[in-house]
1. Pairs needed: first member in the stretch A:145-159, over 15 Å from A:Val132 (Cα atoms) and more than 7 Å from every other protein chain (Cβ to nearest Cβ); second member anywhere, crowded, with 23+ Cβ neighbours inside 10 Å and of a type in the set (Ser, Thr, Tyr); C-beta distance under 9 Å; at least 6 residues apart or different chains.
2. Only one of A:Pro121, A:Pro64 is modelled with pLDDT of 90 or more, farther than 19 Å from C:His204 by Cα and not small (Gly, Ala, Ser); which?
3. With closer than 30 Å to B:Val309 by Cα, within 14 Å of another protein chain (Cβ to nearest Cβ), crowded, with 24+ Cβ neighbours inside 10 Å and touching a strand residue (DSSP E or B) at 6+ places or on another chain (Cβ under 6 Å) as the only criterion, which of B:Val213, B:Val230 stands out?
4. Just wondering, is there one or more residues in the stretch C:155-175 that are more than 14 Å from every other protein chain (Cβ to nearest Cβ) and closer than 30 Å to A:Gly162 by Cα?
5. Just to check your reading of the model, which residue among B:Val34, B:Val57, B:Val112, B:Val43 is closer than 28 Å to B:Thr198 by Cβ, buried (at least 19 other Cβ atoms within 10 Å of the Cβ) and in contact with a Gly (Cβ under 7 Å, 6 or more places away or on another chain)?
6. Determine whether C:Leu181 is under 15 Å from C:Gly114 (Cβ atoms), in contact with a His (Cβ under 9 Å, 6 or more places away or on another chain) and within 14 Å of another protein chain (Cβ to nearest Cβ).
7. Go through the stretch A:195-224 and give me each residue that's surrounded by fewer than 21 Cβ atoms within 10 Å (Cβ to Cβ), farther than 22 Å from A:Cys58 by Cβ and modelled with pLDDT of 90 or more.
8. Restricting to the stretch B:278-314, and then to whatever is of a type in the set (D, E, K, R) and away from chain A (no Cβ under 14 Å), can you tell me which residue is surrounded by the fewest Cβ atoms within 10 Å (Cβ to Cβ)?
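The values are calculated or read from the model by the stated rules, or taken from the named source; none is laboratory data. This structure is a prediction, so every number in the text was calculated from the model and none was measured. For neighbour counting, all protein chains shown are included, and Cβ atoms are generated from backbone atoms with ideal geometry for every residue, glycine included.
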Amino acid sequence: MTPLLSAIEVTKQYRLRRPGWRTAMLTAVDHVSFDLEPGETLGIVGESGSGKSTLGRCILHLTPVTAGRVVLEGRDIQALSERQMLPLRRKMQMVFQNPLTSFNPMMTIGQALMDTMRLMPGLDDKHRQQRVFALLEQVQLDSRIANLYPHEISGGQLQRAGIARALAPEPAMLFLDEPTSALDVSIQGQIVNLLLDLQKDRGLAYIFVSHDLRVVHYLAQHLLVMRQGQVVEQGAKEAVFGAPQHPYTQTLIEAAHLHVSHVSPAT
Amino acid sequence: MPNSVPLLAIRDLRVDLHIERDVLHALRGVTLNVGRGDLMAVVGESGSGKTMTGLSVMRLLPASAQITDGQILFDGTDLTRLQESSIRPLRGKRIAMIFQNAQAALNPLVRVGDQIADVYTRHAGLSRQAARQKAVEAMQATGIPNASERARGYPHEFSGGMAQRAMIALALASSPELLIADEPTSGLDVTIQGQVITLIRDVVRRLNTTLVVISHDIGLVSTICNRIAVMYAGVVMENGTTARITSRPANPYTAALLRCVDTRPTERMPFIPGRVIDLRQKWPGCPFAPRCALAQQICHDQAPLPVEVEPGHVSLCHFAHQVFEQDGSASYDAAAVRN
Amino acid sequence: MTPGQVSVQLAPVLHRPSAYQRLVTAHGALRVNLTLGLLLAVIALGLIAPLLPLPNPIKPDPFNSLKPPSAEHWFGTDPNGFDVFSRTIHAIRTDFALSISSVLLGVLIGVPLGAISGYLGGVIDNLINRVSEVIQGFPQLLFGMAVLAVAGNTLVNVVLITAFYNVPVYAKMVRSVVLPLRDVEFVQAARLSGNSPLSVVFRHIIPNALLPVVSQFPLSCAYAVQMIAGLSFIGLGVQIPIPEWGAMIQQGANYVVFSKWWPSVFPGLALVLSVSLLSSLSDQLKVLVTRRA
């Protein structure tokens, strides 16, 4: 099966200013490669500074790569212009970490959802509104939320709205950047289970970034462990959790109090 | 056997927070005892009031907050009755506090070593020279490598974990009787969190300081604390030893929370449905009732009273005994698996 | 709760406080009402001035010149025989119209410039920044005088020169608000939703940068009124017989020494009052800039 998305030796470097006229290069993402199959979840695990968010921006064409290729449904997209990228945008959407800053404070939730539907030309306003309500229902939000502003609803509800927004153009994949990290532990499950259901119903592929191994465990089939821009370990979830090779992976697993023997064979 | 008179006794503390025109009832009757030598964890999620409780003890509440009722007895003295001028000698000397963002707690314009030395000159009356020496020792004790060099550095030159250690050194420089740590490891890398929390335990043990750790991470604090108080929507739902609370909870909220952090795999990720009540409203019954799988009519109508299910283990629930008998987990399989 | 149905409760939105309510909460009803009330009264007075039974402000009456305040002429008459009270009131229109229009023009140019400069960065940003700094480096009044001397002493030019000085002020303000907004998640979401860069700037960024602009606007008007009055005082800008406070002060200036204070003092007081009200309003509006999350 051709992968939905492939990253091939993706590298992103930033130039840093140093005192005097010297410059230094910061390598935020260092030759990262992976394949994402349709309907599957790739978990990217790493802590702050690991480059996982930068990787996301590279993949989603929000920032240009320094080197490497990003292949979406067989087509190289890293060198496309913004205009050329536009028709492809609806295939890839993102869910952000901080629900409060991921919504424009001056727009209601309904307006924000309508904004994403610009990627679906040919829909008139009435149909867009219907879709807004349908989307809210799918993420189990009361339709009255469409008239509320971001600061008027809770973090968990906002995060669901963020998922609804990402689903608006009917994408093939979602990039989820720490979507549960800003939420209470007792609420995280609501979002994770919702994501599981949506994946089953719609065949969505996910790239799920998190430092929380417990959460990644529920969703991912494959894992990528990143540290300071580099992939230190990669493989099927059971393999990485069950027999971590790299010491950093081992430290992460210990820190998350995960016990090897408890990896469930069924998933 | 620690002294039976608690070092810190909070009795029915009520705090209101004024935000523009709304009044948030942030603390609705918090009762908590911390004995000398205890390593107490105050655990809760958003809206639980755990941070407010810590700030109340230090009398560091924002101007928009007001203590409307209750007492905070520190070594017998009611802190709520004291004037600011009487509190100041306590703060920093007998009761110290460390916060989540270490960088924000340190003065960016003063060298780290000097900030710590300041405490020694002020509270212990040492000379500059001696204080500086003590400061370096304190930094060494918190595991900062090359302490004498680092002491000359500024806060922005410290990494997150280092700055946290420096803050711990700073807080403990005056050998306080009580240390309140508000989310001391949040924001730190997962791999560092364990180190910092154990460091806190080791240092307070060595100085015989009583510790209160405020955290949302019950798993983390249970590695070092001997007692846990679980807070929800401004009240203490359950209070007891770590061992008993984690193995035999007597409160539905505690049981549900433990299920959420359990690392044993399940088909779907456990959670608690719904969300915290609106703190602007006063509820006649139990604040957890709207989300509780065991809730009956009485839970919505009447506020529960604290029930001692076994010595030293108190739960705020109409059905505390039943939850305790059922060992918590059985009744929660149903709730957890439900979507 | 039945299985499969997640109860997601909506917070009862007790109220969305209006801007006015937030002002009152922050500053107290007295201060807010006093400022707003007086300012609106002044503006209203200016608007209805032609309808009021006032002596003709531009009809000179040399036989009546320099009469002290009386029942007939509340503020007395000026050297040309104009009724000072009438002119002071009519001048409200002149001063406010000129200042508001020039600040508005400055805002309309400065805000998009600042937003584009902040969002796009690079060469454009550098260029706009340097030009702004140059403009702000010039002494305003002198430069105004020079331009008016060269380009002609018309009202339009007065508005343009005052607007000119407001462009960098607002460009800088908006730029500083826009810079951190570039990386904020909802802007990335807007890009992912297929918004072109221009669309991102105008639909998402500028609306979020407007609050400080609104708060600053009355203050800029206060400065503009002073600049216009200043220019008129030195004989540029507004000419006789159009009533304008600065010009009026100038006309009466020579007579103050002869203890004929009323032609200068009354317009002076009006100027001071207007400038104070505008600054006070601007100060009060600052509290609206920080949105309650």
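1. A:Pro150/A:Ser102; A:Gln159/A:Ser102; A:Gln159/A:Thr180
2. Details: A:Pro121 fails: modelled with pLDDT of 90 or more.
Matching residue, one of A:Pro121, A:Pro64: A:Pro64.
3. B:Val230
4. yes
5. On inspection, the qualifying residue turns out to be B:Val112.
6. Yes, satisfied.
7. A:Leu196, A:Asp197, A:Leu198, A:Gln199, A:Lys200, A:Asp201, A:Arg202, A:Gly203, A:Gln221
8. Per the stated criteria, the residue is B:Lys282.
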